[in-house]
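The values are calculated or read from the model by the stated rules, or taken from the named source; none is laboratory data. None of these values were measured; they are calculated from a predicted model. Positions of Cβ are generated from backbone atoms using ideal geometry, with glycine treated the same way; all protein chains shown enter the neighbour counts. Ligands, DNA and RNA are excluded from the accessible area calculation, which covers all protein heavy atoms including side chains. Shrake-Rupley method; radii C 1.70, N 1.55, O 1.52, S 1.80 Å.
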Amino acid sequence: MRADTGVAGIGVMMYTVLDQARADLEGTLDRIAALGYAGIETYGLVEHFGPARVRAAIASAGLTLTSAHAPFPAGPDAEAILDRYEELGAEVLVWSMERAEFDSPDTIRRGVERVNEAAERAAGRGMRIAYHNHFAEFSQSFGGRQAYDLLLELLDDRVVIELDAYWTEMGGADPAEVVGRLGERVRFVHVKDGPAISYEDDVMVPVGEGRIDWTRTLTVPSGLRWHIVELERLHIDTFEALRRSYDHLVGRGLSRGTITPASSEERS
């Protein structure tokens, strides 16, 4: 979802509101849409409700399914995974390799075999695989080469990228530089903010109130189609954090939503 101006659409990664959605799927999606978000990336919903109900709820809320966080369709469960997400209507399935798979060039190569098998199987259904990073891809290097570069070199060309800019920063890389280097291959970015200190313990804050320079990261020329807000751990109300994140991103023209953010006077 990009306007003629090239501004990417704004969505929500449903892990952010997983508890709320499992309690009230349709109501949660309606609240996301009412904030102005244009799409969602599913997580943990299809397994809970079944693909038909989730697909209907997304459509009823007037949202777009940006992508689905789902295990790589490889190995003995591959066809069952593809059946489920084909029924959902997902065009892109997103997943990650494990942290231990970045311990050496050999473990990276073995892990990529699974991703590339998934890309081949998905292509047979008219679907694509996207690779989502954590921090080990950037914190690990071998012979002066970043693990992420080795990964990209080995991945099937059909695999697109979902860059988690927060974990990229935590891994010691510059998210804006990585987005620019990826160019057209990066289609999605996970947008979250906070101190970027601890993978296990960080508490997130509304986007724009933490460490990441989102103006630089989101204005680099690239293939980004969606900015997907994900706030994993919060000390404030989740929907308040989503509203403030939306106001920051859409209010500054970095992302494209469905409503104009209210001014502070209108909210008071």
With +1 at each Lys and Arg Cβ and -1 at each Asp and Glu Cβ, the charge dipole magnitude of the stretch 23-72 around its Cα centre, to the nearest 20 debye, comes out at 80
On average, how much accessible surface per residue is there in the chain, in Å², for a 1.4 Å probe, leaving out ligands, DNA and RNA? 42
Amide H neighbours of A61 under 5 Å, counting only residues 5+ apart in sequence or on other chains, H built in-plane at 1.01 Å? none
Separation of alpha-carbon centers, the stretch 51-84 and the stretch 184-242, rounded to whole Å: 23
Any chance you could look up the accessible area of L152 with a 1.4 Å probe, heavy atoms only, rounded to 10 Å²? 30
Stretched out fully, how many nm does the piece from D149 to A56 gain, at 0.36 nm a residue minus the Cα gap? 29.6 nm
For the stretch 156-268, build the charge dipole from Cβ charges (+1 Lys, Arg; -1 Asp, Glu) around the Cα centre, then report which of A262, I212, T238 sits farthest towards its positive end. A262
Size of charge dipole - the stretch 92-251 - debye, nearest 20, with Cβ of Lys, Arg +1 and Asp, Glu -1, no other charges: 540
Among the DSSP beta bridges whose two residues both lie in the chain, what percent are antiparallel, rounded to the nearest 5? 10
Helix-only mean residue ellipticity at 222 nm for the chain, each DSSP H run of n ≥ 4 adding -39500 (n - 2.57), per residue, nearest 500: -11500 deg cm²/dmol
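Ordering H235, H132 from largest to smallest accessible area (1.4 angstrom probe), what's the sequence?
Correct descending sequence by accessible area is H235, H132.
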Residues of the stretch 12-30 with amide N under 14 Å of a point placed 7 Å along Cα→Cβ from I259: 29-30
Give the relative contact order (percent, whole number) for the stretch 137-268; include only Cα pairs under 8 Å separated by 6+ residues. 20
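If I compute solvent accessible area with a 1.4 Å probe over the protein chains, what percent of it on the chain is carbon and sulfur?
46
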Please identify the DSSP H helices in the chain that span no less than 20 Å along the helix axis (Cα) and have a mean Kyte-Doolittle hydropathy of -1.0 or more. 105-123
Along the positive direction of the dipole of the stretch 89-142 (beta-carbon charges: Lys, Arg +1; Asp, Glu -1; about the Cα centre), which of P105, Q140, I129 reaches farthest? I129
